[in-house]
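Asks: The structure's right below; bear with me while I get my questions together.
Values in this text are rule-based calculations from the coordinates and carry no lab data. Just so we're clear, the structure is a prediction, and the values are computed from it rather than from any experiment. Here the Cβ positions follow ideal geometry from the backbone for every residue, glycine too, while neighbour counts run over all protein chains shown.
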Amino acid sequence: MKAYLDNSATTRPGKTVAALVAEMLESGWYNPSALYKPALDVQKRMDEARKACLKAAGAEGCRIVFTSGGTESDNLALLGYMRTKHAPGEVLISSVEHPAVSACADELRRMGHTVKEIPAGKDGTVNLQELEGMLSEKTALISLMQVNNETGAVEPLEAVAAMRNRRCPGAAIHVDGVQGFLRVPISFKRLGIQSYALSAHKIHGLKGTGALILANGHTVRPLVFGGGQEGNLRSGTENTPGILALGEAVGSWQDTDSARIRELKIRLWKRLKELVPEASVNGPDPEEGAPHILNVAFEPVRSQTMLFALEGDGIYVSAGSACASRKQKISPVLKAMGVAPGRADCSVRFSLCRDNTEEEIGYAAERVAYHYNELKKYTRR
């Protein structure tokens, strides 16, 4: 048996997505900017994908820019917006962000802006009391994740938006929704946020496709220049198979999918705790947080050792963000949460999807327990 439990890194494209892509490569390959009917048909289908994404995010009537993925969307949101500023401003970024956001800090500083980190609590979400003290008339932009990619912590977006409205109503809010989109509800317009990033391959679409939702009236400057596609915000011939596949992935998501994934996550945690009493969770309780992410410490067994052992059983998990998994360093996210280095070095992330089964969950828990009991014998104390 195999069990793929690294869905926060990427998901398997859905069957209807794969069929659609095959159709596009065979007969829908036209450039949507052309004026003849086959090209206009492709453009129409792209518009349908836009509407599907906007509806799923509670952003009907807003703008959406198709990009190459979550990283580009985040960069466009942060750098593109701050390029519109004629004077230095202050950008607040949570200390548990994905590198797609946190790595923008140096560039923002080179642009003349001040960047400050919002401290995180032990549950992996921003410390609201600390954030309130950081907000001022200088605050131009606040950036935080909807769902943390390593712990599954869900940021209190409503509280942050309300705090912004009270303390600095002119500041923009950007939300990295790559791990939250579809799996955790979002109401873009009701919250009054200015931008929201998403990625197709996290929701059974294709790699190389993403989107940035923008509030009407919120201005950003492009990072890519050329023919003026995507409202002159993302030039270059559109990735039509990927865009339509994103629309299909959104359309095929069922209202019950998140609840089913959560049930599997809770089942996994209960079985792990039963078999490995020493196991403990990093971040929110399994019953809380996002439905698909579970971060567990198996002290004193190092995460890399556990990963390699599980791989031999056909079980695929990770030690944190896939963007940094090969660097073999302590997770900056866990460090920012105050997790001790030794514990962080023994932490494993399980991330589930709607395709996982109860049998896979049971198999994974049993093999984790087997390897834990064997490996801990050889670990220095």
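Asks: When only DSSP loop residues count, what GluC sites (Glu not before Pro) in the stretch 44-78 have their Cβ near at most 13 other Cβ atoms within 10 Å?
Replies: Sparse-neighbourhood loop GluC sites (Glu not before Pro): Glu60.
Asks: Here is a follow-up. Hey, fewest Cβ within 10 Å first, where do Ser68, Ser318, Ser351 land in order?
Replies: So the ranking, lowest neighbour count to highest, is Ser68, Ser318, Ser351.
Asks: Which of Leu244, Leu54 has the fewest other C-beta atoms within 10 Å, and how do the rest follow up to the most?
Replies: Fewest-to-most Cβ neighbours within 10 Å comes out as Leu54, Leu244.
Asks: Considering only C-alpha atoms, what is the centroid distance from the stretch 158-201 to the stretch 36-79, in Å?
Replies: Answer, in whole Å: 17.
Asks: At most 16 other Cβ atoms within 10 Å and a DSSP loop assignment: could you name the GluC sites (Glu not before Pro) in the stretch 222-311 that fit?
Replies: Of the GluC sites (Glu not before Pro), the ones in loops of the stretch 222-311 whose Cβ has at most 16 other Cβ atoms within 10 Å are Glu278, Glu287, Glu288.
Asks: Loop only per DSSP, at most 15 neighbouring Cβ atoms within 10 Å: give me the trypsin sites (Lys or Arg not before Pro) in the stretch 184-272, ordered by residue number.
Replies: Sites meeting the loop and neighbour criteria: Lys207.
Asks: Once both labels are modelled 7 Å past Cα along the beta-carbon direction, what's the Lys376-Ile266 spacing in nm?
Replies: 2.6
Asks: Which ³J(HN,Hα) values in Hz, rounded to whole numbers, follow from the phi angles of the stretch 191-208 under the Karplus curve 6.51 cos²θ - 1.76 cosθ + 1.60, where θ = phi - 60° and Gly and Pro get x?
Replies: 5, x, 7, 9, 8, 8, 9, 9, 9, 6, 6, 8, 10, 6, x, 9, 5, x
Asks: Another question about this same structure. Hey, what do the phi angles of the stretch 353-366 turn into as Karplus ³J(HN,Hα) couplings, whole Hz, using 6.51/-1.76/1.60 and θ = phi - 60°, x for Gly and Pro?
Replies: 3J(HN,Hα) across the stretch 353-366, in whole Hz: 9, 5, 7, 5, 10, 5, 5, 5, 4, x, 4, 4, 4, 5.
Asks: A follow-up question, please. Can you tally the lysine pairs in the stretch 15-252 where the Cα-Cα distance is under 17 Å and the two residues are eight or more apart, or on different chains?
Replies: Counting lysine pairs in the stretch 15-252 gives 7.
Asks: Let me ask another. How much mean residue ellipticity at 222 nm does the chain get from its helices, if each DSSP H run of length 4 or more adds -39500 (n - 2.57) and you divide by all residues, to the nearest 500 deg cm²/dmol?
Replies: Helix-only estimate at 222 nm: -11500 deg cm²/dmol.
Asks: Now a separate question. How high is the FRET efficiency between Glu359 and Ala87 when r is their beta carbon distance and R₀ equals 45 Å, given to the nearest 0.05?
Replies: According to the calculation, E is roughly 0.15.
Asks: Could you give the length gained on full extension between Lys329 and Asp41, defined as 0.36 nm per residue of separation minus the Cα-Cα distance, in nm?
Replies: 98.8 nm
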